[in-house]
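Sharing a structure here in structure tokens format.
The values are calculated or read from the model by the stated rules, or taken from the named source; none is laboratory data. Treat the numbers as computed from the prediction; the structure is a model and nothing was measured. No Cβ is skipped: glycine too gets one built from the backbone with ideal geometry, and neighbour counts run over all protein chains shown.
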Amino acid sequence: AAFMLPVIGCMMKNLESPVGGLETPFEGACMPDTLVITPTRELCLQIYEEALKFCHRTPYKAVRIYGGEKPKQQLEYIAKGADVMVATPGRLQDFINREVVKVDQVHILVLDEADRMLDMGFEPQIRAIVENHGMPSKEERQTMMFSATFPEECQKMAQDFLYDYIWIGVGVIGGAVETVEQRLEKVSPKDKYSKLVEILDDFFTKRGKDDRCLVFVNAKDTAKWLDEQLYEKSFDTGALHGNLDQWEREKNLSRFRKGEIEVMIATDVAARGLDIESVVMVINYDMPQDTDAYIHRIGRTGRIGNQGTAITFISCDEQYGNCLENSDTLKKLLQIMQDSTAVIPEWLEGTIEEASNGGSKWRWGGQDMRPDQETVQGNGAGDGWDNWRGSAAKEDSWGSKW
């Protein structure tokens, strides 16, 4: 959500008549100047909270709209107007169709976690919002797109929505950061729970005062079961999954941030974008179903230069020791570990030899597909950043008139 800082700075230079927080509702639709679209309710709420901080002591008002709660309260809130709107695609499209939100004054558009929105099938809604309801053209607005990976369909959307855009890549796109120690644990399915308890007992013996742990599973029922089982063993646990009502998810997330919950059991709903302070360990109780999920899960720790640990359980046959996980996904996961110089356990050395054939650090959509782009490299976080420019002579548009 750091993009909110330059967004507010740009608005302060250019927005002549901010709406601010009106005392009473007004007739007509809410017409924000900045629109942030994000895939999940949790991420929407997180960005909104950051927007509130950056709007403090400015004339600007931020609002958020997302599914999972009744529209009435949100409608009452936006009836007083807004300068910054943070929204999920479905609820935003609903409000636009009701004509309670209009996008014809949007001069800053942010698409956050773009690849996730495509994965979730939101492309038709996003295209309808941007192309069919009078939003200023890409030449007339400032558009930003953020994504952990940039596959072909994501870059196609960038070409449609962004004007002469600049590509900035930080670190290895689609790769793991070196601040996360990656470990694999060989375990039989029937021993997974006892192994988890063993690791958590060790964690709470050695952890710092505010350290927290995030445990990822693939199924909502597993999250519910683990939450109940660990709670009975006196762990301060909570759950985050799609079967919970929105107020329950928000309450648990808030308690986790405050440290009232020390172990959060979550499905991939918490894997993307959420920035939770003091998460020093991530445990993949279930191996992720794809490499993108793996990158995002382990990315919840080792943030802002801090060190973190990510442990992934690899289910193996108890009698013969054969790996029971999807072989293609496991090979890609091992390639990620090898690229980030993580230690590959001996019992998987044969698998990594197969995975090494033809491996490339850009294989998950980390390269600009536009032809004839100039590449500029500089020093940045980690191993540096790469910047692919749409036009080498293009001036920075921040601070210029829309």
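What number of residues within the range 130-164 satisfy the criterion of being modelled with pLDDT of 90 or more and β-branched (Val, Ile, Thr)?
Qualifying residue count for the region: 2.
Can I ask one more? Scan the range 188-199 and give yes if some residue there is within 21 Å of Val36 (Cα to Cα) and not in a helix (DSSP H, G or I), otherwise no.
no
On the given criteria, is Arg141 buried (at least 17 other Cβ atoms within 10 Å of the Cβ), among the charged types (D, E, K, R) and in contact with a helix residue (DSSP H, G or I) (Cβ under 9 Å, 6 or more places away or on another chain)?
No: the conditions fail for Arg141.
In addition: Quick one: how many residues across the range 223-242 are out of contact with any strand residue (DSSP E or B) (no Cβ under 8 Å at 6 or more places or on another chain) and modelled with pLDDT of 90 or more?
Final tally of qualifying residues: 6.
Looking for whichever is of a type in the set (D, E, K, R), closer than 16 Å to Arg116 by Cα and at pLDDT 90 or above here; the options are Arg297, Arg272. Which one fits?
Step by step, each of Arg297, Arg272 is checked, and only Arg297 is of a type in the set (D, E, K, R), closer than 16 Å to Arg116 by Cα and at pLDDT 90 or above.
Here's a check for you: in the range 313-347, which residue that is in contact with a helix residue (DSSP H, G or I) (Cβ under 8 Å, 6 or more places away or on another chain) and hydroxyl-bearing (Ser, Thr, Tyr) is farthest from Ile295 (Cα to Cα)?
Across the range 313-347, the extreme among qualifying residues is Ser315.
Can you pull out every residue in the range 32-79 that is in contact with a Leu (Cβ under 7 Å, 6 or more places away or on another chain) and in contact (Cβ under 8 Å) with a residue 60 or more places away in the chain?
Of everything in the range 32-79, those that are in contact with a Leu (Cβ under 7 Å, 6 or more places away or on another chain) and in contact (Cβ under 8 Å) with a residue 60 or more places away in the chain turn out to be Asp33, Leu35, Ile37, Glu42, Leu43, Gln46.
Identify, from the list Lys192, Lys209, the residue that is under 13 Å from Asp286 (Cα atoms), out of contact with any helix residue (DSSP H, G or I) (no Cβ under 7 Å at 6 or more places or on another chain) and not hydroxyl-bearing (Ser, Thr, Tyr).
Of Lys192, Lys209, the one residue that is under 13 Å from Asp286 (Cα atoms), out of contact with any helix residue (DSSP H, G or I) (no Cβ under 7 Å at 6 or more places or on another chain) and not hydroxyl-bearing (Ser, Thr, Tyr) is Lys192.
Could you please let me know if Glu185 is farther than 30 Å from Ala128 by Cβ, in contact with a helix residue (DSSP H, G or I) (Cβ under 9 Å, 6 or more places away or on another chain) and not in a helix (DSSP H, G or I)?
yes
In the range 94-105, what residues are surrounded by 20 or more Cβ atoms within 10 Å (Cβ to Cβ) and either out of contact with any Lys or Arg (no Cβ under 9 Å at 6 or more places or on another chain) or modelled with pLDDT under 95 (or both)?
Phe95, Val101, Val103
Any idea which of (1) modelled with pLDDT of 85 or more; (2) farther than 26 Å from Gly68 by Cα is the one Glu318 doesn't satisfy?
Here Glu318 meets the rest and fails (1).
Just to be sure I understand the filter: pairs with C-beta atoms under 7 Å, separated by 6 or more residues or on different chains, first member in the range 94-119 and under 13 Å from Phe3 (Cβ atoms) and not assigned by the TED database to the domain that holds Gln155, second member of a type in the set (Phe, Trp, Tyr) and assigned to a helix (DSSP H, G or I). Which pairs pass?
none
Further question on the same structure: So which pairs qualify, if the first residue must be in the range 303-318 and farther than 9 Å from Thr179 by Cα, the second must be of a type in the set (Phe, Trp, Tyr) and buried (at least 19 other Cβ atoms within 10 Å of the Cβ), the Cβ gap must be under 7 Å, and the two must be at least 6 apart or on different chains?
Phe313/Tyr285
Then there is this: From the list Glu139, Glu76, which residue is of a type in the set (Asp, Glu) and farther than 26 Å from Trp247 by Cβ?
Answer to the check: Glu139.
Here is a yes/no grid of residues against (1) closer than 21 Å to Tyr48 by Cα; (2) among the hydrophobic types (A, V, I, L, M, F, W, C):
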{"site": "Asp227", "(1), (2)": "no, no"}
{"site": "Gln246", "(1), (2)": "yes, no"}
{"site": "Ile261", "(1), (2)": "no, yes"}
{"site": "Ile276", "(1), (2)": "yes, yes"}
{"site": "Val280", "(1), (2)": "no, yes"}
{"site": "Asn284", "(1), (2)": "no, no"}
{"site": "Pro288", "(1), (2)": "no, no"}
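Follow-up. Can you confirm whether the range 225-236 contains a residue that is of a type in the set (Lys, Arg), surrounded by fewer than 16 Cβ atoms within 10 Å (Cβ to Cβ) and farther than 21 Å from Leu324 by Cα?
Yes, that holds for at least one residue.
So, one more: From the list Ala114, Ala82, exactly one residue is surrounded by 23 or more Cβ atoms within 10 Å (Cβ to Cβ) and in contact with a Lys or Arg (Cβ under 7 Å, 6 or more places away or on another chain). Which is it?
The match here is Ala82.
Scanning for something assigned by the TED database to the domain that holds Arg91, over 20 Å from the mean Cα position of the chain (by Cα) and either polar (S, T, N, Q) or not in a helix (DSSP H, G or I) (or both), does the range 143-155 turn up at least one residue?
Within the range 143-155 (the criterion being assigned by the TED database to the domain that holds Arg91, over 20 Å from the mean Cα position of the chain (by Cα) and either polar (S, T, N, Q) or not in a helix (DSSP H, G or I) (or both)), the answer is no, since none of the residues qualifies.
Being buried (at least 16 other Cβ atoms within 10 Å of the Cβ), touching an Asp or Glu at 6+ places or on another chain (Cβ under 8 Å), among the aromatic types (Phe, Trp, Tyr) and outside any strand (DSSP E or B): is that true of Phe204 here?
no
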